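Bear in mind that the values in this text are calculations on the coordinates, not laboratory data. As the structure is a computational prediction, the values presented were derived from the model and not from experiment. Note that each Cβ is placed from the backbone with ideal geometry, even for glycine, and that neighbours are counted across all protein chains shown.
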Amino acid sequence: MAEKESERGLKPSEISDFYYKKGIDFMLNEPQKAFKLLVKKLYLFWNRFEISNNQDIYFFKRYSSLTRILPLGFWLIGPLGLVGMVLSIRKWKSTLLPMLFVFSYMLTVVMFFVTARFRLPVIPFLIIFSAFALVWLWERLSRRELRSLTLFFLLLFPFLILTNSNAYHLSVGDFSQAHFSLGNIHLKAGELDQALKEYDVALKRNPHLPRAHLNKGIIFLRKKGYAKAEEEFHQELKINPGEDKAYNNLSAIYRLLGLYDQAIDAATKAIELKSYYPDAYMNLALAYQNKGDYEKAKEVLRVGIKNIPLFLEANLLLGEILQEEGKLDSAMLKYRIILDQSSAKKDVIYDLETLFSKGDPYNLENLIIRAKAHFNLGTIYVQQGRIDLAESHLKKAIYLKPDFAEALANLGILYDNTRRNYQAITHLEKAVSLDPQNAVYHYNLGLAYAKSNRLEKAREEFEQSLKIEPDFKDAQEKLFLVDSLLEAKSRIQ
């Protein structure tokens, strides 16, 4: 709501400010409704019902034997605690501080919203006052002061009614949201089958539960079950037509299937719903790029960069398109923007409903984006013959991403071309170990071995290159040459 009304992405602090202002406006413009709401929240604070805002206590009791066997709850601790506070007034000098804490903390909760976990800090103090009430009662009974018994129950009964009544018709619920949350935990842990079971249970209990179909679709997408994933995303849109993530995920599916026009339509709808949605801009730009419409792809990326602060992924893709077109100065500018912006602090967003597509090269962490920017700059500097700068950027790329096989291979070739054979072999060997099915890496390592007169090792690499890519003509020629040299060497010996 906050982001949709603001029509831009917001930091957590900005979202907090948005709702804070909304609350102040509501109290000033609707004082009667605000007062009724305050009374309701005071009632709920002292009610036995454990209101959840993320984890349902009643649901998770099944996973804890301790909470199942404990007989006491707020239904008794609340009333007894209140009785204890009233009875301890005569000893106010020793009980004032804990009483002040209970009521001042209560005010901080009811000013915002009442939930079980926010109310929890007062429970230890209520237990202390409950114990005081029971000790007070025991002492009076042991002295046979029956009037004290009357006083005790006159105080207890109203508080029992307050705590155990249900004026606002609260209920435990169907646990659909709890099953959905449990599914999210399994999804985050990569336990896809368990997550799927929880989402199915959630939907059985509440067929209109938002985002359950969305997350089921994400699971099928990760399993490469594109047809089922598409069906789930469409089901989500029937329940919630404004779910931008469902449109974005449909765009990702269509793009993976080569249905670029449909991918474009779905991503466009996602952006219409959320104009500051980075993933949707990336899907839309990639769909245009895959379709061969580079001008449209660049236009989409420029709009995304304008609307979204620190949109590093878009700058990276735009730079690579410009680099592919031979516009090296413009591409280098984009890569430098990435390196300048990536040091800025980005807020961490926790959103289990967002699609994380591991196979998508543009769903990248900040460090990896910086590494790719350094790599691309290094590649351009090699083309320009600026070897020192190229070497510097390739080294930085490897420092940021030590398993960056392509950067290791390119740096190895640079060392080979500048007659630093030992460094060349070291880096090319690392590249081959990271990507053993790359025929070009084996070929370049074979060349480096041959230049250091390690002909047997060179032959092994050329042979491996041809196993991977049998029609690799350069490898065929070099293998023939190495075989000839080895044969001549054996004759001389």
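Tabulated values for the structure
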{"quantity": "Alpha-carbon centroids, the range 421-490 and the range 143-190: separation in whole Å", "calculated": "74"}
{"quantity": "Angle between the chain longest axis and helix 192-205 axis [Cα atoms, degrees, rounded to 10]", "calculated": "40"}
{"quantity": "Where labels lie 7 Å past Cα in the beta-carbon direction, separation of W138 and M111 in nm", "calculated": "3.9"}
{"quantity": "Cα convex hull of the range 46-164 - mean projected area over all directions, nm²", "calculated": "8.3"}
{"quantity": "Relative exposure of K36, K473, judged by other C-beta atoms within 10 Å (fewest first)", "calculated": "K473, K36"}
{"quantity": "Footprinting exposure proxy for L100, L44, L82 (fewest neighbouring C-beta atoms within 10 Å first)", "calculated": "L100, L44, L82"}
{"quantity": "Förster-model FRET efficiency, 30 Å R0, I387 and E477, C-beta, rounded to 0.05", "calculated": "0.65"}
{"quantity": "Contact order relative to length of the chain, as percent, for alpha carbon pairs under 8 angstrom and 6 or more apart", "calculated": "8"}
{"quantity": "Rounded to 10°, Cα long-axis angle of helix 244-256 versus longest principal axis of the chain", "calculated": "20"}
{"quantity": "Range in the chain, longest, excluding exposed GluC sites (Glu not before Pro) [loop by DSSP; at most 15 other beta-carbon atoms within 10 Å]", "calculated": "8-144"}
{"quantity": "Rough spin-label spacing in nm, given labels placed 7 Å along Cα→Cβ, for E191 and S452", "calculated": "4.8"}
{"quantity": "Paired Rg and Dmax values of the chain, which use every Cα atom, in angstrom", "calculated": "33.3, 121"}
{"quantity": "Part-to-part distance (alpha-carbon centres) for the range 236-268 and the range 398-413, which is given in Å", "calculated": "35"}
{"quantity": "Label-point separation in nm, Q437 to F18, each point 7 Å along Cα→Cβ", "calculated": "4.4"}
{"quantity": "Using alpha-carbon coordinates, inclination of helix 260-273 to the longest axis of the chain, degrees", "calculated": "40"}
{"quantity": "Stretch gain in nm, segment K33-N166, where the contour uses 0.36 nm per residue and the Cα spacing is subtracted", "calculated": "45.9 nm"}
{"quantity": "Relative exposure of V86, V122, judged by other C-beta atoms within 10 Å (fewest first)", "calculated": "V86, V122"}
